[in-house]
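Q: I am attaching a structure below and will ask some questions about it afterwards.
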Amino acid sequence: MSDIERRVQERPGPVRHVLGTLWTGLTKIRLALSNILFLLIIFLIIWAFQDTTPEPLPDTAALLLNPVGTVVDQKTFVEPLEVLLSDRAPQEREVLLGDLIDAILLAKDDPKISALVMELDQLFGIGTSKTSEVATAIEEFRASGKPVIAWNDSLSQSQYLLASEADELIIHPMGSVLLEGFANYQWYFADALEKFSVNVHVFKAGQFKSIAEPFQRNSMSEGEKAISRRWLDGAWAHYTSRVEARRELEAGAVNHYVNSFADLVEGNGGDLAATALTSGLVDRVMQHSEANEYIAGIVGASDEEGFYEAVEFERYLARKRPPLAALGSKPQVATIVGRGTIASGEQPAGTIGSATLGPLIEDAAADPSIAAIVLRLDSGGGGTFASEVIRQKVLEARRAGKPVVVSMGSIATSGAYWIAAAADQILATPTTLTGSIGVFAAFPTFEKVLDKAGINTDGVGTTEVAGAFRPDRPIQPQVSRTVQASVDHFHRLFVDVVSQGRELPEDDVRGLANGGVFLGGDARELGLVDALGDGRDAVKAAAKLAGLEEGDYTSVLFEEAPGPREMFLRQLAGNAHQALGGLPMQDWQRTLKSWSVPLRVGMSVLENLDDPRGVYAHCLVCLAP
């Protein structure tokens with residue numbers, strides 16, 4: 001064979017040639033993208049750790065309270081890189097209650113801060129309990145002689161309660177104040193479950209343990225309506241009286257505004273802003289330019305673009321909050337936050353894990369610099385096993401000589417109250433929801449669905465209960481009796497925990513242990529909490545129990561220290577997100593994500609129902625007003 005013939009045979013065919021060229025091109029593109037990504041990471045690392053001098057604060061400015069999202073006691077853990085690569089909708093963001101309060105209190109004595117301005121249009125949730133805690137800080141700010149202004153386009157019910165704390169309240173001519181009152185409406189699935197041939201087996205202890213009702217009824221029972229009506233009326237009475245006192249309105253003015261809203265709007269020619277103004281709910285109706293000029297005159301300064309001079313609370317706090325090293329060697333009162341569903345094992349922030357919150361309490365008890373502990377609980381409960389593990393850590397801390405005071409947030413029911421009962425003292429706000437002393441177990445079976453589809457389950461087992469928990473088989477009487485006996489046992493244990501912890505007669509506790517919930521004021525009258533107060537009041541109470549006078553101690557937030565990897569990613573995500581502004585999100589994506597928030601919140605609760613015995617002290621339908 002000649003050389004020419006050999007080269008012709010070795011030459012690739014057209015298909016092989018095209019595929020080879022394509023593969024070579026893809027390889028070059030892959031290498032180029034890898035190099036670009038590598039350079040981007042290098043840029044982000046340099047950006048994250050570059051030594052930048054922060055922009056100085058203006059000599060005269062307002063503190064701008066403009067929270068975006070929902071106010072919480074503890075932020076839900078989100079991977080730092082997810083923060084970097086996403087553009088979270090405002091409804092999904094979270095703001096720390098402590099940050100709002102700290103910023104206000106730091107600003108009240110700052111000579112550079114001349115006023116407090118609240119812009120609350122992006123505040124999507126705070127509740128009356130947390131609002132009252134912010135309001136207390138605003139009162140202290142006002143006592144320093146500085147004015148408080150609220151400027152918003154429109155105000156929802158939740159936003160308005162906080163805005164009403166202002167000396168002057170301004171809305172836009174196209175704006176409104178929309179109030180409706182509080183309600184507790186639920187979905188009920190009895191008919192739907194019957195149509196789909198699904199059996200949900202619920203075992204409960206507590207007459208009004210409302211977890212059972214949605215699966216067993218098509219409507220709310222009269223007993224549950226009475227319980228809900230009591231705390232809803234109490235919370236609404238607190239709301240209306242607070243607004244009427246701050247706005248200097250006659251008693252009943254808010255209810256008249258809500259119940260006669262259509263008549264009032266028609267009387268003002270359909271003008272919602274004018275309706276709020278003539279009803280005394282706002283002080284001024286102004287266009288943006290007018291309001292800006294008016295507030296600039298109160299603040300006493302404008303920026304280069306002509307807007308009133310202001311420092312956002314998060315930026316202000318970052319500059320003014322003293323570092324831990326500046327706290328000195330004084331004894332410390334440590335606040336430990338527990339927020340979310342109570343579950344077993346290690347859990348991220350936003351969920352209370354027995355292997356995360358428990359060791360935190362243990363570490364605080366062993367720390368010689370910590371004189372007392374405040375356990376801040378904002379939870380509807382969860383697994384009884386995890387609740388008991390954490391409760392034991394509270395008892396161990398007390399035995400170690402460290403007083404423990406529980407500060408209840410918006411809600412501290414069921415498993416959260418199980419934990420709280422072990423503390424030296426319990427403080428709640430007037431509108432905290434607490435109680436719900438009851439337990440339940442529930443699981444579905446689908447044998448009817450399979451029967452309709454012509455599918456049968458059959459086989460053998462070594463015992464009478466082998467395979468009894470299969471969802472494709474009917475529940476056996478022995479299993480049903482066992483689960484109910486276990487639920488009754490945990491209910492008796494719950495009663496005993498409360499009776500011993502609160503030093504109440506067992507019969508009295510048993511009378512309260514019907515699953516009903518109470519507002520903080522009612523709970524105090526019943527002996528379930530010791531006093532009404534916020535987180536700062538709890539710190540003072542804990543210090544007093546430790547024998548410390550005011551000024552002799554410092555208050556610190558005690559939390560798990562992030563590892564080097566997480567610290568790096570936080571820094572990287574924080575600075576890079578500022579530089580890049582996050583990836584764009586389409587409007588339809590924002591809408592879908594906002595609609596899915598309630599569903600995802602509910603699913604997150606169900607995902608954490610992991611009690612090893614399947615028994616829970618949880619109030620799934622308690623809605624903090």
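The values are calculated or read from the model by the stated rules, or taken from the named source; none is laboratory data. All values derive from a computational prediction rather than experimental measurement. Note that we place each Cβ from the backbone using ideal geometry, even for glycine, and neighbour counts take in every protein chain shown.
Q: Ala422 passes all but one of (1) surrounded by 24 or more Cβ atoms within 10 Å (Cβ to Cβ); (2) outside any loop (DSSP other than H, G, I, E, B); (3) among the aliphatic types (A, V, I, L, M); which number fails?
A: (2)
Q: Follow-up. Taking the criterion of being assigned by TED's automatic domain parsing to the domain that holds Ile352, buried (at least 21 other Cβ atoms within 10 Å of the Cβ) and among the aliphatic types (A, V, I, L, M), would at least one residue in the stretch 551-560 satisfy it?
A: No, because not a single residue in the stretch 551-560 is assigned by TED's automatic domain parsing to the domain that holds Ile352, buried (at least 21 other Cβ atoms within 10 Å of the Cβ) and among the aliphatic types (A, V, I, L, M).
Q: If you take the residues in the stretch 276-324 that are among the small types (Gly, Ala, Ser) and not in a helix (DSSP H, G or I), which one is farthest from Asp167 (Cα to Cα)?
A: Looking at the filtered set, the residue picked out is Gly306.
Q: Thr136 versus (1) free of Cβ contacts under 8 Å to residues at least 60 places away in the same chain; (2) under 22 Å from Gly409 (Cα atoms): which is the lone unmet condition?
A: (1)
Q: Return the residue satisfying two criteria in turn: it lies in the stretch 102-129 and is over 12 Å from Val311 (Cα atoms) and polar (S, T, N, Q), and of such residues it is surrounded by the fewest Cβ atoms within 10 Å (Cβ to Cβ).
A: Only one residue tops the list, namely Gln122.
Q: Quick one: count up the residues across the stretch 340-378 that are surrounded by fewer than 24 Cβ atoms within 10 Å (Cβ to Cβ) and touching a Pro at 6+ places or on another chain (Cβ under 6 Å).
A: 1
Q: Continuing with the same structure: Residues to consider are Phe469, Phe440, Phe494; find the one that is in a strand (DSSP E or B) and aromatic (Phe, Trp, Tyr).
A: Phe440
Q: Can you tell me which of (1) at pLDDT below 95; (2) outside any helix (DSSP H, G or I) is the one Ala115 doesn't meet?
A: With respect to (1) at pLDDT below 95; (2) outside any helix (DSSP H, G or I), Ala115 is out only on (1).
Q: Please give the strands (runs of 3 or more DSSP E) falling wholly within the stretch 139-240 in which 2 or more residues are at pLDDT below 85.
A: Passing ranges, in order: 199-205.
Q: Here's something else I'd like to know. Report, by residue number, each residue of the stretch 266-303 that is surrounded by 15 or more Cβ atoms within 10 Å (Cβ to Cβ) and among the polar types (S, T, N, Q).
A: Correct list: Asn268, Thr275, Ser279, Asn292, Ser302.
Q: Going through the stretch 354-393 one residue at a time, which ones are closer than 18 Å to Ala546 by Cβ, touching a strand residue (DSSP E or B) at 6+ places or on another chain (Cβ under 8 Å) and not hydroxyl-bearing (Ser, Thr, Tyr)?
A: Ile361, Ala364, Ala365, Asp367, Ile370, Ala371, Ala372, Ile373, Val374, Leu375, Arg376
Listed here are the residues, each with its yes/no results for (1) in a helix (DSSP H, G or I); (2) outside the structural domain of Glu396 (by TED's automatic domain parsing); (3) in contact with a Ser or Thr (Cβ under 9 Å, 6 or more places away or on another chain).
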{"residue": "Val333", "(1), (2), (3)": "no, no, yes"}
{"residue": "Val337", "(1), (2), (3)": "no, no, no"}
{"residue": "Gly345", "(1), (2), (3)": "no, no, yes"}
{"residue": "Pro348", "(1), (2), (3)": "no, no, yes"}
{"residue": "Leu357", "(1), (2), (3)": "yes, no, no"}
{"residue": "Leu360", "(1), (2), (3)": "yes, no, no"}
{"residue": "Ala364", "(1), (2), (3)": "yes, no, no"}
{"residue": "Ala371", "(1), (2), (3)": "no, no, no"}
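Q: A follow-up question, please. Name the single residue that is farthest from Val487 (Cα to Cα) among those in the stretch 508-538 being crowded, with 23+ Cβ neighbours inside 10 Å and of a type in the set (A, V, I, L, M).
A: Ala538
Q: Please verify whether Thr53 is at pLDDT below 65 and among the hydroxyl-bearing types (Ser, Thr, Tyr), treating the condition exactly as stated.
A: yes
Q: Can you find, within the stretch 464-501, the residue that is nearest to the chain's Cα centre (by Cα) among those that are under 14 Å from Pro444 (Cβ atoms) and among the basic types (Lys, Arg)?
A: By that ranking, first place goes to Arg470.
Q: Something else now. Do the conditions hold for Val148, that is, is it over 24 Å from Asp378 (Cβ atoms), buried (at least 24 other Cβ atoms within 10 Å of the Cβ) and β-branched (Val, Ile, Thr)?
A: no
Q: Follow-up. List every residue pair whose Cβ atoms sit under 9 Å apart, with the two residues 6 or more apart in sequence or on different chains, where the first one lies in the stretch 250-275 and is under 14 Å from Leu179 (Cα atoms) and the second, anywhere, is surrounded by 12 or more Cβ atoms within 10 Å (Cβ to Cβ) and basic (Lys, Arg).
A: Ala253/Arg247; Val254/Arg247
Here's the yes/no breakdown for (1) of a type in the set (Gly, Ala, Ser); (2) in the same structural domain as Glu309 (by TED's automatic domain parsing); (3) at pLDDT below 95; (4) loosely packed, with under 14 Cβ neighbours inside 10 Å:
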residue: Ser34; (1), (2), (3), (4): yes, no, yes, yes
residue: Trp47; (1), (2), (3), (4): no, no, yes, no
residue: Leu65; (1), (2), (3), (4): no, yes, no, no
residue: Lys75; (1), (2), (3), (4): no, yes, yes, no
residue: Pro80; (1), (2), (3), (4): no, yes, yes, no
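Q: Could you list all residues from the stretch 224-244 that are within 17 Å of Leu281 (Cβ to Cβ), surrounded by 18 or more Cβ atoms within 10 Å (Cβ to Cβ) and not basic (Lys, Arg)?
A: Passing the criteria: Trp236, Tyr239, Thr240, Val243, Glu244.
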